[in-house]
Number of protein chains: 2
Amino acid sequence: MPKFVDAALRRQEVVEAVFRIVAADGLERASLREVADEADLAVGSVRHYFASSDELLAHSFGVVVDRIAGRLDAAEDRLAETAPGTAEHRRGVLTLLGELLPLDEERAVDACVWMAFKNAARTRPFLAAEADRSHRTVAAVVGRLMMDLAGIDAAGGTGGPGQQRLVTEAERLLATLDGLTMHALLQPEWMTAQMCHDVLEAHLASLDSRAASH
Amino acid sequence: MPKFVDAALRRQEVVEAVFRIVAADGLERASLREVADEADLAVGSVRHYFASSDELLAHSFGVVVDRIAGRLDAAEDRLAETAPGTAEHRRGVLTLLGELLPLDEERAVDACVWMAFKNAARTRPFLAAEADRSHRTVAAVVGRLMMDLAGIDAAGGTGGPGQQRLVTEAERLLATLDGLTMHALLQPEWMTAQMCHDVLEAHLASLDSRAASH
DNA sequence: CGGGTCGGGGCACATCCGTGCTAAAAAGGG
DNA sequence: CCCTTTTTAGCACGGATGTGCCCCGACCCG
């Protein structure tokens, strides 16, 4: 039997090289040669772990989705341990949604890579499956959060129209988050971390006051 | 004297070829050869009107920004002729903001090309100037609209904190719009034109109720 | 202590890209 | 009619990319 290395670990190293390149210079520089250089490997070696360029990119997309989903799940678990309506709960909601925003270096890289892949998926069919999974995952988290928040002021399931309103509000929150992420990445001079926080708080406050007046 | 053609018109034809390619297959297919083919020209001919590939792309970016800005200005003018608070005014606001969303074929192409260039500007310095102009233009329109809406319920300038709140709300509206556009382009199955409309109406309603309760 | 298998590297080819440069065609004024 | 200037077209070169294919060193098991 020959020499054995941890294939999963090597793949992860290559994927992280992809992340660094995409975050710094975009997907168009994530070629096999550039990735191999960044990972201190030869092109042939990278191709030993990923059959093709497409598989490397698709797998990288999957990893970043899993990373974000993992952070969201952890924040969701912590949120579930707080009592609704308390200041702690409100802070938990901010933390949960903040996991999607580029508020520190790690989340900035993730958000950047995530955005790049989501946009590329529009024109590259081999990324479409991961893009769908990504969207479904995040939409589910936001949907659960909206139901949670709605449960505070109007416990007991409201009928069809109320359900429709909830879906609309979930999509609105999702759109605001993605737009915020986009602005923070593309116009960092205008959209600072502080502004992200302010906008997010304003949105949550708006949800509260609207629900109260209804 | 030699043969004369309308250079501006030829340039416009080439730019529209760029739009078709970017909308269909993204910026990565907008090479000189592909654009020349799409415009039924030779590469050398395209290069006669645009000194380089960079200039072609930067100019195309500028054209799409101008087109969107023109539609916004027109909608803003029409809005100014309506009385604040009326249903007509509210419809005008929806129309104005709707100019940014991919609600029909023309706006979908514009939004798509616009997004593609904005994202590319993050890593391609020669697009940065247009991206800045684009952002400033749209932010100014949304800012004026927010001041207009704020003037309805709280006429007379409020001081510093009120100004700060207004900026935050403007950024929030802007983020929601861009996120909506993004979702409509990337996940058209979930984010339909109807859903765009519902979310936009919900956001405006939220602005009203929040302002009223303040 | 050999041999077979895997990790890792690299060559070569076809393809695409932007661009410098050259050349033909077109057309209106002298 | 011809000449000048614009328009249009095309060639060729250097560079980058994905991929098929081959090679060699390293290692562990029999």
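The values are calculated or read from the model by the stated rules, or taken from the named source; none is laboratory data. Everything quoted here is computed from the prediction, not taken from an experiment. Heads up, the Cβs are rebuilt from the backbone with ideal geometry, glycines too, and the neighbour counts pull from every protein chain shown.
Points to keep in mind about this one:
- Complete set of residues in the stretch B:45-58 that are more than 10 Å from DNA strand C (Cβ to nearest atom) and touching a Lys or Arg at 6+ places or on another chain (Cβ under 8 Å): B:Y49
- Some residue of the stretch B:59-75 being within 16 Å of DNA strand C (Cβ to nearest atom) and away from chain A (no Cβ under 14 Å): yes
- For the stretch B:179-189, the candidate set comprises residues that are without any contact (Cβ under 8 Å) to a residue 24 or more places away in the chain and within 7 Å of chain A (Cβ to nearest Cβ); within that set, the residue that is surrounded by the most Cβ atoms within 10 Å (Cβ to Cβ) is B:G179.
- Annotation: of all residues in the stretch A:190-210 being at the interface with chain B (Cβ under 9 Å from one of its Cβ atoms) and part of a loop (DSSP other than H, G, I, E, B), the one that is surrounded by the most Cβ atoms within 10 Å (Cβ to Cβ) is A:M191.
- B:D66 being outside the structural domain of B:L32 (by TED's automatic domain parsing) and within 28 Å of B:F4 (Cβ to Cβ): yes
- Matching residues in the stretch B:52-91 - criterion: being among the small types (G, A, S) and either within 17 Å of the chain's Cα centre (by Cα) or more than 22 Å from B:R144 (Cα to Cα) (or both): B:S52, B:S53, B:A58, B:S60, B:G62, B:A69, B:G70, B:A74, B:A75
- Entry remark, the stretch A:1-34: residues being modelled with pLDDT of 95 or more, within 14 Å of DNA strand D (Cβ to nearest atom), more than 21 Å from B:G26 (Cα to Cα) and over 23 Å from the mean Cα position of the chain (by Cα) number 2 in total.
- Index of the failed condition, A:G85 passing every other in (1) part of a helix (DSSP H, G or I); (2) more than 16 Å from DNA strand D (Cβ to nearest atom): (1)
- Condition check for A:M147: hydrophobic (A, V, I, L, M, F, W, C), surrounded by fewer than 20 Cβ atoms within 10 Å (Cβ to Cβ) and assigned to a helix (DSSP H, G or I): yes
- Taken over the stretch B:18-44, the residue count meeting the criterion of being aliphatic (A, V, I, L, M), within 19 Å of B:G62 (Cα to Cα) and within 13 Å of DNA strand C (Cβ to nearest atom) is 7.
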